[in-house]
Amino acid sequence: MKRDDLIKHLERHGCEFLREGGSHTIYVNRQVKKVSSVPRHREILEFTARKICKDLQIPPP
């Protein structure tokens, strides 16, 4: 999955950009007070995308 598509999915479901880390971007779901990091790769494995969504308690892409 493309990184841009995952970020659009996260933002559609109420997640917000929090900060940039060393090699990751940190997103937060303020409704459920959960945080997850999105790696800065062009392609993100489907398994990783599902794990990020699970961490933020939103439906998988």
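None of the figures in this text is laboratory data; all of them are computed from the coordinates on show. Please read these numbers as outputs of a predicted model, since none were measured by experiment. Neighbour counts run over all protein chains shown; Cβ positions are idealised from the backbone, glycine included.
Which is assigned to a loop (DSSP other than H, G, I, E, B) and under 10 Å from the mean Cα position of the chain (by Cα), of Ile58, Ile7? Steps first, please.
Working: Ile7 fails: assigned to a loop (DSSP other than H, G, I, E, B).
Every option except Ile58 fails the conditions.
Filter the range 15-55 down to the residues that are part of a loop (DSSP other than H, G, I, E, B) and surrounded by 14 or more Cβ atoms within 10 Å (Cβ to Cβ) and list them by number. Even if it seems obvious, please write down each step before you answer.
Initial filter on the range 15-55 (part of a loop (DSSP other than H, G, I, E, B)): 15, 21-23, 30-33, 40-42, 44-45.
Residues satisfying the conditions are Cys15, Ile44.
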